[in-house]
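Notes for the one structure printed next.
What follows draws every value from the coordinates through simple rules; no lab data is involved. Since the structure is predicted, the reported quantities are computational estimates derived from the model, not experimental observations. Positions of Cβ are backbone-derived with ideal geometry, glycine not excepted, and every protein chain shown enters the neighbour counts.
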């Protein structure tokens, strides 16, 4: 079970991030989670939003360089050691994590982790045995 | 074998050509000596008289004319025909200094039209074509030059000029333009806008494009051919000599045939002024042998080229010039190494997914020259991981380094953040000039 993440190129210039968030606000997009990876010259903004298609076309027509990436959203119990268990499963299955970021869900007691791995199929297989994977619709709520 | 506009001239034997050149040269030298004090004074100062110039082999005896001479004699000091015979003026943009003005008699315009017509014919054009002229009209020679050649052939000319790119594309589509001319950078802008408008190359009828007025690369040619679905031809010209049509590509595309029955080319060593043998690279020099109003003798173009008389499969015997890498004016000296912007374009476009949207910035930091190349990230280059983005950056860095031999800093820029050009592109900012 995979969900779509928006990946947006962010030039390292003052005002670029706010230009992007402005576009999302204008089209009434709700951001569920985000992470920003940065180098000296540029960054990549990764977003999980409530309406992927709408956000994608809004960013596209706003002259942003944007792409869709398949990621896994795992619901993890919000307690010490919750994440380790998931990581262990991936390590045992020899799956590498390219990047990840987490956010606290609105439903009490759980956290969501967004995972970008090198083998989605295998990761879904091993994780879904122990964890609940979130659908696009569940994320959108 | 292709089509020719003027077979007798385009396929003349070397013997015929040199006889014609010699006759025309001696006549022209005599005329400017009598009519233009500048030439007379220069020739006297160099101890040359019109009697010394009997044939093409005597050409080297004449002094050079430099761009500065055109400025010093501004506006009409070099005109060799009475001003009431002059029916048109054009001027250079003056980007490298004070502008210069040139004039044409009715006969000069005929010559120009013919040269442009030869270029259009060599690109596969005939009277059934719809010629979309996206070169600027006005003092710039591009627009009216191609316009004249196309009308002479009897094409349907669409004089769009530059600007309003979306409208240009609708015209290309609706009017059924089959040929287009503009600068290669503007062609790229048109191609990009077309893509944004959702119009594909299959929706338009362009079959060939004549792109000139700035140096461009083979890689740029492939990109334009792919995006616009046409065959891209190079065309060369300069205001001082006549405008577009001084030289043009045939279907073989291994250099541009020079209309040498009107303009005799030479290659010289830019430092010593010595004439170099065929095949050697140097500065291109032209002598006009048929023009009435503005016949420059041994004009130093500052363009770098190689001449070749190798047999061409198109059947033309006109001497060929290999595409100038650029003007000596455009050459950058970075850490003591000569670098042409066109080399950087070649390197950049050799990397998969890259586009010809870039800007070169040269600076001097702590007494060291620095070279930065700003590159627009294309969809094909973009990825959600830093690692793959850095792989692309490094691929460009390596490609540039292997072509020019010095390292550059590559800066990734967002889409459409770098300037687009409707006329001549300007890809370089040399901040060192501000420091000197």
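Listing for the model above:
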{"read-out": "Computed over the range A:70-140, Cα set: Rg, Dmax in Å", "value": "11.3, 32"}
{"read-out": "Gain upon complete extension [residue B:364, residue B:84; 0.36 nm per residue less C-alpha separation]", "value": "95.6 nm"}
{"read-out": "Whole-angstrom Cα spans of the range B:302-373 along principal axes, big to small", "value": "55, 31, 14"}
{"read-out": "Size of the range B:298-339 as Cα extents on the principal axes (Å, biggest first)", "value": "44, 23, 11"}
{"read-out": "The range A:3-69 pair-distance distribution - Cα-Cα, 5 Å bins, rounded %", "value": "4, 19, 33, 28, 12, 4, 0"}
{"read-out": "Inter-chain Cβ neighbour average for residues A:90-102, partner chain, 10 Å", "value": "1"}
{"read-out": "Three-way shape label, the range B:349-428, alpha-carbon gyration tensor, a/c 1.5", "value": "oblate"}
{"read-out": "Calculated FRET efficiency for the pair residue B:278/residue B:379, C-beta based, R₀ 60 Å, to 0.05", "value": "0.85"}
{"read-out": "R0 of 30 Å, Cβ-Cβ distance residue A:79-residue A:136: FRET efficiency to nearest 0.05", "value": "0.70"}
{"read-out": "For residues of B:411-418, the mean tally of beta carbons on other chains within 10 Å", "value": "5"}
{"read-out": "Debye log10 I(q)/I(0) at q = 0.07, 0.09, 0.12 Å⁻¹ for the protein assembly as shown, Cα point scatterers", "value": "-0.54, -0.78, -1.16"}
{"read-out": "With Cα atoms, 0 to 90° folded angle of helix B:218-228 axis to chain B main axis", "value": "70"}
{"read-out": "Exposure proxy order (Cβ contacts within 10 Å, fewest to most) of B:319, B:235", "value": "B:319, B:235"}
{"read-out": "Residue with peak Gaussian network fluctuation, chain A [Cα springs, cutoff 10 Å], from A:89, A:115, A:47", "value": "A:89"}
{"read-out": "Förster radius 25 Å - calculated FRET efficiency between residue B:127 and residue B:202, Cβ distance, rounded to 0.05", "value": "0.50"}
{"read-out": "With Cα atoms, 0 to 90° folded angle of helix B:106-122 axis to chain B main axis", "value": "40"}
{"read-out": "Tilt relative to chain B, helix B:14-35 - C-alpha long axis, 0 to 90 degrees, to 10", "value": "70"}
{"read-out": "Within 10 Å of each Cβ in A:33-43, the average number of Cβ atoms from other chains", "value": "3"}
{"read-out": "For peptides B:422-428, B:270-276, sequence by mean Cβ density within 10 Å, most packed first", "value": "B:422-428, B:270-276"}
{"read-out": "DSSP-defined beta bridges in the protein assembly as shown - what % are antiparallel, rounded to 5", "value": "75"}
{"read-out": "Length-normalised contact order of chain B in % [C-alpha pairs under 8 Å, at least 6 apart]", "value": "14"}
{"read-out": "Net length gained if the chain between residue B:71 and residue B:49 were fully extended (0.36 nm per residue, minus Cα distance)", "value": "5.4 nm"}
{"read-out": "Cα Rg, Dmax (largest Cα-Cα span) when computed across the range B:78-160, Å", "value": "13.9, 41"}
{"read-out": "Kirkwood hydrodynamic radius of the range B:1-328, Cα pairs, Å", "value": "20.2"}
{"read-out": "The range A:50-82 residues near the modelled residue B:416 label - backbone nitrogen below 17 Å, point 7 Å along Cα→Cβ", "value": "A:56-67"}
{"read-out": "Size descriptor, Kirkwood hydrodynamic radius, that averages inverse alpha-carbon separations across chain A, Å", "value": "15.8"}
{"read-out": "C-alpha center-to-center spacing [the range B:132-165, the range B:234-281] in angstrom", "value": "23"}
{"read-out": "Relative exposure of B:233, A:56, B:74, judged by other C-beta atoms within 10 Å (fewest first)", "value": "B:74, A:56, B:233"}
